[in-house]
Amino acid sequence: MGMKTVGKRERGQNLVEFALILPLFLLLVVGMAEFGRAWMTRNILTGAAREAVRAAAVETQANAYNSAKAIADPILASAGIPPLVPGDFDDSVDTPVPTVSVSITYSYPLIIARFNPALPGPNIPLNGTASMRRERY
């Protein structure tokens, strides 16, 4: 008869343990999803920079920025990222090895930070960079 009373006292133990572990488990799952989203956004930035710098490398210096912008902006727009600005573009033709560089910086908004103000700022900076040697005609 002693076993039945012990079982009745431990009846809610599983529920209490589940209630203690559930928030940590949910934070882990949401954190992994957030990391995956940030990684995908960084890959989009790097891909857009690479495509833009390739387009600019085969153009003349006068048309390089416009060509890079025409290629990068649709890629960035598909991910909801603001378009390329002149500060993202560097065309160094006066160096011994003329290069073209595109560096796109984006302030990535964390979704999880909206639910817990104790977490670090609502945005983290992500950067996609590509550099290529200018093609000769």
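Coordinate-derived values only; no laboratory data. These figures come from a predicted structure and were not determined experimentally. Cβ sites come from the backbone with ideal geometry, for glycine too, and all protein chains shown count toward neighbours.
So here's what we get for this one:
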| read-out | value |
| --- | --- |
| Unique residue being surrounded by 16 or more Cβ atoms within 10 Å (Cβ to Cβ), among the charged types (D, E, K, R), closer than 30 Å to THR99 by Cα and touching a Ser or Thr at 6+ places or on another chain (Cβ under 9 Å) when the list is GLU51, GLU59 | GLU59 |
| Lone qualifier among LEU45, LEU27 - being assigned to a helix (DSSP H, G or I), touching a Phe, Trp or Tyr at 6+ places or on another chain (Cβ under 7 Å) and hydrophobic (A, V, I, L, M, F, W, C) | LEU45 |
| Within the stretch 72-115, tally of residues that are buried (at least 19 other Cβ atoms within 10 Å of the Cβ) and part of a helix (DSSP H, G or I) | 4 |
